C-alpha cells in the first residue's frame, strides 16, 4: 500500500479507485489500523504493485547494462570461422559470454527503436563474436564469424 501511495503522490483517492476499495480502507492500511487484506484486495495490491514496479526495475537494469555492466548472453547455435579439422571449425556450440556495455547499448538501442529480428540477430552475433572469438584481438581481430541456426538464446542483465 505504501508503494502505491508513493507512486500516486499520496492520493488515497487515486489508490482507492485503482484497487476498487473505499478511500477509508486505503487510509486504514496507511495508518496501520488494518494490516491483513482480504483475498480480493490482496490480489489487487499484488497486481497494481507489479504493474508499476516491474517497468521501473526493467528500466534500471537496461540502463545499468548499457552504461557499465553489459550483459550475459547464453545460447546454442552454429558458430565457427576456421577451416575444417581445426578447433575453430564451424559447429553447434553452447556458449555463455559476458558482453561489453558498448554492445549492450547498441542492442538495447536497436530494440527500443523497433529494429527487426534480423537486425538484432546481427548485433547479437557481433557481440558474441567479439566477446568469445575475437577476445583481446590478437590474430583474430578481423575474422568473420558465422552465427546461424540459433536453437535458443537468453540474455540476462
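Since every read-out is calculated from the coordinates, none of them should be taken as a lab result. Treat the numbers as computed from the prediction; the structure is a model and nothing was measured. A quick note on method: Cβ atoms are made from the backbone with ideal geometry, for glycine too, and the neighbour counts reach across all protein chains shown.
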Given the options 52, 146, 38, which has the most mean-square fluctuation in a GNM of the chain, springs set between C-alpha atoms less than 10 angstrom apart?
38
If each residue's Cβ is checked for other Cβ atoms within 10 Å, how do 49, 116 rank with the fewest at the top?
116, 49
Give me P(r) over the chain, computed from all C-alpha to C-alpha distances, binned every 5 Å, as integer percentages.
2, 8, 14, 15, 11, 8, 7, 7, 8, 7, 5, 4, 3, 1, 0, 0
For the residue pair residue 68 and residue 148, what label-to-label distance in nm results when each label sits 7 Å from Cα along the Cα-to-beta-carbon direction?
4.1
If you stretched the chain out fully between residue 113 and residue 101, how much longer would it get, using 0.36 nm times the residue separation minus the C-alpha to C-alpha distance?
2.5 nm
Fewest-first ranking of 113, 67, 100, using other Cβ atoms within 10 Å as the exposure measure:
113, 67, 100
Test of understanding: in a Gaussian network model of the chain with alpha carbons linked when under 10 Å, which of 23, 93, 105 would top the mean-square fluctuation ranking?
23
Which whole-number percentage describes the relative contact order of the chain, with Cα contacts under 8 Å and a sequence gap of 6 or more?
23
Pick from 39, 13, 118: which is most flexible by mean-square fluctuation in a GNM of the chain where alpha carbon atoms under 10 Å apart are linked?
39
Sort 27, 144 so the one with the fewest other Cβ atoms within 10 Å of its own Cβ comes first.
144, 27
Gyration tensor verdict on the stretch 2-65 (Cα atoms; rounded if a/c is under 1.5, prolate if a/b is larger than b/c, oblate otherwise)
prolate
